Each structure stands twice: as C-alpha cells, then as structure tokens.
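Take a look at the structure set out below.
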Amino acid sequence: MAPDTAVLGIDLGTSGVRIAILDLAGNLRHSEGMPYPGAFEDPAAWVDGCRQLIASIPSDLRQRLRALAVDGTSGTLLACEEDGRPLGPALPYHLSCPEQLERLNALISDSNPAGSASGSLARALRLLETHKRDQLLLRHQADWITGWFLQSWRYGEEGNNLRLGWNLETGRWPDTFARQLWCQALPEIRPSGALLGSIAPSIADQLGCPPNLQVIAGTTDSNAAVLTANPSAGDGITVLGSTIVLKRFVKTPLAGAGVTNHRVGGRWLCGGASNSGGVVLQQQFPGIDLEELSRQIDPEQNSGLDLRPLPARGERFPIDDPTLEPILRPRPVSDALYLHGLLEGMARIEAQGWRRLTELGAQPPKQVITVGGGARNPQWRRLRERILGLAVRSCHAPPAAGTARLALEGLQQAADLHG
C-alpha cells in the first residue's frame with residue numbers, strides 16, 4: 001500500500017455521528033463529530049451526518065482515503081425496499097416489543113440473545129406486522145449505511161445481527177427461520193473486517209472521495225469502543241455513552257439473557273448493554289452544565305439515595321425485564337445531590353453487570369477501562385472505583401478510531417491476499 005494511505009472510521013452512536021481518520025501507521029489524523037441532524041430514528045439523518053462530516057475532511061486528506069468502515073447501534077433496525085429506500089422510521093435499539101414474546105418463543109429459545117423482547121428479532125417481527133409486504137429488507141443501522149456507500153443493501157455484518165438471530169458458532173440463521181416467508185428479508189452475513197466492495201461511483205462523486213475507496217464490513221458501536229481502548233486480557237471495558245455497555249474478552253462464549261458474544265480479532269468478546277446511561281442525565285438535567293455540577297459531588301461519600309436511573313420502563317442487562325420500572329424519585333432540592341444519586345445508581349448497575357458476567361463464566365476484570373463521554377468525568381470515575389472495588393482508567397480516543405483501525409486491518413488483509 002502507498003505510504004500516504006489513510007482510512008476512515010464512521011461511528012453512528014446513540015447521540016450522533018463521529019468520524020476518525022488513521023494513517024497507515026495507525027496514527028489519528030482527523031476526528032470530528034456532530035449530533036444527528038434530525039430524529040435518531042430517521043435514516044436520512046444518518047446519511048446527512050455522514051455527508052456533512054466527510055465534507056469537513058480537508059480535501060487532500062480525503063483524496064488519500066483507501067478504505068472505510070462503519071459502526072452503529074447494534075439493535076436499531078430498519079425495514080426498507082430492495083433499493084434501500086426506508087419504509088418508515090427505524091425502531092431504536094432501546095425499544096422493547098413484549099407483544100412479540102409468543103412469536104419469539106416459537107422461533108428461538110429465550111436464552112438466545114435474539115430471544116428477548118428487547119432484541120432485534122422482536123423489533124423485526126413488529127416491523128413485519130407494520131409493513132405487511134411480500135418484499136422488503138431488514139437492516140441494522142451500520143449495515144444500512146454501509147449499503148448506502150455501496151448502493152447495494154445485500155450484506156450484513158455478523159456482530160450487528162446477533163440479536164436478530166445470527167449464530168456465530170454455526171455461521172447460520174436458526175433452522176426455524178427458513179420456514180418463514182420473511183427469511184428473504186435477512187442480510188447475507190459477512191464477518192467484521194471483510195472487504196465488501198468499492199464505493200458506488202455516484203456516492204464517491206457526491207462526497208468527493210476516491211473512486212477506488214474500499215468498503216469494509218464494520219462492527220457495533222460498543223465493539224468499536226473496545227477496539228479503540230485496545231484492552232489487555234485482564235481488562236474490562238465500560239462504554240459510558242447514552243447507555244452503559246460492558247465488554248470482556250473471554251475464552252468461550254457466554255450464554256445468558258441480554259448477553260451478546262462477538263468475535264473480534266479472533267477472540268470472543270462478550271458483554272451486555274443497560275438502557276441506563278447519559279440519556280437519563282439529559283432527561284433530568286436539560287441544558288444544565290453537568291461538568292460544573294459534578295464538581296460539587298464528593299465521590300467518597302454516599303448520596304443516601306437509592307435510584308434506578310432508567311430512561312423509561314424496561315431494561316436489557318444486567319436484568320432482562322421489559323417491565324422494569326425506573327426509580328427517579330425522590331428528587332432532592334439540590335441538583336448536585338440528585339446527580340450524585342443518579343451516578344451512584346448507574347455505578348450499581350455497572351457493578352451488577354460485572355457480577356452477572358462473572359456468574360456466567362467470565363473472569364472478573366482486574367481493572368476497568370472507560371470510554372465514551374462519561375470517561376471525562378473524574379468524580380464519576382472515582383465514585384465508580386469505590387462502588388466497583390476496581391481501578392478505573394479512562395480512554396479518550398473516539399470509537400470511530402476503533403472502526404478506522406478495523407478498516408485498516410481489512411485493507412491490509414485484502415492487500416496481502418492479492419499479493
């Protein structure tokens with residue numbers, strides 16, 4: 001590969017879009033982000049965010065791009081035409097569909113990641129009921145955007161489709177799916193890091209990108225964060241964004257409600273995602289500077305509050321319960337005390353999550369590396385250390401850099417394959 005080669009990682013997270021560009025040596029050369037320029041559920045906002053951020057790349061750097069990969073929220077699912085046109089808004093990752101439980105139980109065991117009312121398969125069944133069409137496609141957020149770059153919506157990346165029912169160990173969909181009329185709506189699965197093809201000429205022209213830009217199968221937003229943190233065998237990863245995601249490398253896959261297993265760099269990566277996280281703080285403190293408010297917290301002390309900071313009814317992990325109610329009251333007069341109580345509640349959810357993964361067979365982490373927006377809050381970090389009983393280290397590199405690393409590895413593997 002040419003020494004001036006650069007690669008692009010695109011992160012479609014829970015609150016916005018971010019890009020990162022790495023050079024051939026893996027150094028970060030450019031990074032920028034923005035909130036979604038529209039509703040999260042609107043695929044047009046995903047495209048517009050990508051367009052605007054790619055337009056912001058200096059033209060000389062943009063012309064050096066040779067590969068891109070996309071990560072996205074793994075549970076956000078869209079029904080679309082075969083040419084990619086959305087049939088309606090996407091169903092977001094946090095949406096639970098308990099009315100589909102009976103149909104789920106007929107298709108898949110409840111111990112499977114796709115067997116939960118909060119999984120993608122439940123959302124897929126709702127979308128199929130909503131649109132009632134013989135011909136449609138079901139695509140997750142990252143797969144749909146990847147398809148937009150290719151102008152072909154044929155493929156799906158394996159990690160993004162686990163909660164839709166894809167089995168990493170057997171490399172196939174469940175046998176029960178083959179008997180369903182909607183089986184044709186599922187994507188053709190490719191492993192993370194696989195070369196999918198060149199960017200569509202019309203999209204390359206729109207974006208001012210090289211016509212030989214290669215599109216690489218991406219991953220989920222939380223896996224991208226793990227790739228960015230580059231953990232050792234004894235590290236656990238906590239992604240503190242709009243949600244709280246725990247990730248841990250393991251020797252063999254773990255089985256449990258709300259738990260997902262991925263294959264990243266030849267290793268098994270297990271974890272779970274709680275609905276709790278920064279979205280709750282945004283709900284409770286709209287327009288308030290939480291950095292300043294956090295400075296008023298003494299992380300060595302207990303708040304005296306016992307809160308369960310969920311944004312709405314329903315939880316995915318460490319408890320998989322679509323009926324679990326938030327506990328957001330009482331709210332004290334002091335905003336700082338209330339924030340203290342919410343952060344403690346989130347730390348208790350995190351601690352419960354690590355205990356749950358350990359119960360299922362994972363080794364307990366020796367330390368926790370934190371990525372995401374919450375990694376920048378020193379009071380929260382110390383409060384978590386106290387509640388977790390573990391050292392907590394922060395990583396400030398954006399998840400998009402982890403996705404760019406995946407693009408670089410995919411490009412290198414393709415180059416090696418072709419001599």
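Of note:
- Which listed residue is modelled with pLDDT of 95 or more and part of a strand (DSSP E or B), from Ile216, Ile203: Ile216
- Sole residue being within 26 Å of Glu292 (Cα to Cα) and surrounded by 19 or more Cβ atoms within 10 Å (Cβ to Cβ), chosen from Pro398, Pro378: Pro398
- Counting the residues of the range 401-417 that are under 20 Å from Ile369 (Cα atoms) and open to solvent by 20 Å² or more (accessible area, probe 1.4 Å) gives 1.
- Number of positions in the range 352-370 that are open to solvent by 10 Å² or more (accessible area, probe 1.4 Å) and in a helix (DSSP H, G or I): 6
- Scanning the range 263-292 for residues that are in a helix (DSSP H, G or I) and open to solvent by 20 Å² or more (accessible area, probe 1.4 Å) turns up Val279, Gln282, Gln283, Gln284, Leu290, Glu291, Glu292.
- Output for the range 48-80, where each listed residue is in a helix (DSSP H, G or I) and open to solvent by 10 Å² or more (accessible area, probe 1.4 Å): Asp48, Arg51, Gln52, Ala55, Ser59, Asp60, Leu61, Arg62
- If you go through the range 222-254 and keep only what is open to solvent by 20 Å² or more (accessible area, probe 1.4 Å), touching a Leu at 6+ places or on another chain (Cβ under 7 Å) and in contact (Cβ under 8 Å) with a residue 24 or more places away in the chain, you end up with just Leu227.
- Flag for Ala20 being farther than 30 Å from Leu128 by Cβ, open to solvent by 50 Å² or more (accessible area, probe 1.4 Å), modelled with pLDDT of 95 or more and among the aliphatic types (A, V, I, L, M): no
- For the range 106-117, taking the residues that are assigned to a helix (DSSP H, G or I) and open to solvent by less than 10 Å² (accessible area, probe 1.4 Å), the one that is farthest from Gly9 (Cα to Cα) is identified as Gly115.
- Thr219 being within 19 Å of Leu77 (Cβ to Cβ), among the hydroxyl-bearing types (Ser, Thr, Tyr) and either out of contact with any Ser or Thr (no Cβ under 9 Å at 6 or more places or on another chain) or crowded, with 16+ Cβ neighbours inside 10 Å (or both): yes
- Inter-residue pairs, beta-carbon under 8 Å, first charged (D, E, K, R) and in the range 189-214, second modelled with pLDDT under 95, 6+ apart: Arg190/Glu158
- None of Ala347, Ala257, Ala312, Ala336 is more than 22 Å from Gly16 (Cβ to Cβ) and either part of a loop (DSSP other than H, G, I, E, B) or without any contact (Cβ under 8 Å) to a residue 24 or more places away in the chain (or both) except Ala257.
- Residue that is nearest to Gly49 (Cα to Cα), among those in the range 118-138 that are touching a residue at least 12 places away in the same chain (Cβ under 8 Å) and open to solvent by 10 Å² or more (accessible area, probe 1.4 Å): Leu137
- Selection count, the range 243-254, where residues are part of a strand (DSSP E or B) and in contact with an Asp or Glu (Cβ under 9 Å, 6 or more places away or on another chain): 5
- Residues satisfying the stated conditions in the range 202-216, i.e. touching a Phe, Trp or Tyr at 6+ places or on another chain (Cβ under 9 Å) and crowded, with 24+ Cβ neighbours inside 10 Å: Val215
- Check on Gly304, touching a residue at least 40 places away in the same chain (Cβ under 8 Å) and either surrounded by fewer than 15 Cβ atoms within 10 Å (Cβ to Cβ) or not hydrophobic (A, V, I, L, M, F, W, C) (or both): no
- Listed conditions (1) assigned to a loop (DSSP other than H, G, I, E, B); (2) open to solvent by less than 10 Å² (accessible area, probe 1.4 Å); (3) touching a residue at least 60 places away in the same chain (Cβ under 8 Å) are all met by Asp83, apart from (2).
- Scanning the range 86-96 for residues that are in contact (Cβ under 8 Å) with a residue 40 or more places away in the chain, outside any strand (DSSP E or B) and not polar (S, T, N, Q) turns up Leu87, Gly88, Pro89, Ala90, Pro92, Tyr93, His94.
- Selection within the range 86-96 - modelled with pLDDT of 95 or more and crowded, with 20+ Cβ neighbours inside 10 Å: Ala90, Leu91
- Hey, Ala178 of a type in the set (Gly, Ala, Ser) and surrounded by 15 or more Cβ atoms within 10 Å (Cβ to Cβ) or not: no
- Cβ-Cβ under 7 Å pairs, at least 6 apart or on other chains, the range 159-173 side within 12 Å of Ala114 (Cα to Cα), far side of a type in the set (Asp, Glu) and assigned to a helix (DSSP H, G or I): Asn160/Asp143
The values are calculated or read from the model by the stated rules, or taken from the named source; none is laboratory data. Keep in mind it's a predicted model, so treat the numbers as computed, not measured. Backbone-built Cβ (ideal geometry, glycine too); neighbour counts: all protein chains shown. The accessibility values were calculated without ligands, DNA or RNA, using every heavy atom of the protein model including side chains. Shrake-Rupley method; radii C 1.70, N 1.55, O 1.52, S 1.80 Å.
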